[in-house]
1. Quick one: if you stick a label point 7 Å off each Cα along the C-beta vector at A61 and Y147, how many nm between them?
2. Which lysines does K111 reach when only Cα atoms under 22 Å apart count, and residues fewer than 8 places away in its own chain are ignored?
3. So if each residue of separation counts as 0.36 nm, and I subtract the Cα-Cα distance between I112 and S7, what length gain in nm does that give?
4. Output the peptides 64-76, 126-138 sorted from most to least packed, where packing is the average of other Cβ atoms within 10 Å over each peptide's residues.
5. Just tell me which lysines come within less than 17 Å, Cα to Cα, of K148; anything on the same chain fewer than 8 places away is out.
6. What are the lysines whose alpha-carbon lies under 20 Å from the alpha-carbon of K70, with same-chain residues fewer than 8 places away excluded?
7. Could you give the length gained on full extension between I140 and K95, defined as 0.36 nm per residue of separation minus the Cα-Cα distance, in nm?
Amino acid sequence: MGGDSSSSTTNNTVNTNTSGSAAVSGDNAGTIISGVNNSTINTTVTDHGAIEAAGDAIEKALDTVVSTNKDSLDVVSSTNNSLKDLAMQTAANAKETMNFADGLFDTALTKIENTATGGDSGRTKALVAVVLFLSVAGGIVYTMKAYKGK
């Protein structure tokens, strides 16, 4: 029976992974593409203008702050100028009041002196100086009270 016989078998196995899952560790801020065989994929990552819009918003906020500070400084400057004008007017009024009081009291004291002593008394001049001083001091106090009352 028989002759020589021989047989041969060859098996080739090719596995293609078609799983659509991917494992990632670390920072997940990129693009992950899984489960595509023999494909060319082009991707574009965009923030849809968020960074530019944020920059514009910050720039507008800073412009508003600068404008507000400038307006505030203008108000302070105007107030200071008004206060300076008020102080100058008060000083001028006080000077005018003192000059008026000085002239009024000089006249009144001269008449009193002439009536009382005929104009010869040295004490009368000292009394005139005291009364004049007290009158001027009273005028200053009155002016200061009137100013504080405003």
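1. It works out to 4.6 nm between the two label points.
2. By straight Cα distance, K111 reaches K125.
3. Extending this stretch completely gives an extra 21.8 nm.
4. Per-residue mean Cβ counts within 10 Å order the peptides as 126-138, 64-76.
5. K84
6. Of all the lysines, those that pass the test against K70 - Cα under 20 Å, at least 8 places apart if same chain - are K60.
7. Full-extension gain reported as 15.3 nm.
Read-outs throughout are calculated quantities, based only on the coordinates presented, and are distinct from any laboratory measurement. In this text the structure is predicted, and so the values were computed from the model without any measurement. We place every Cβ from the backbone using ideal geometry, glycine too, and count neighbours over all the protein chains shown.
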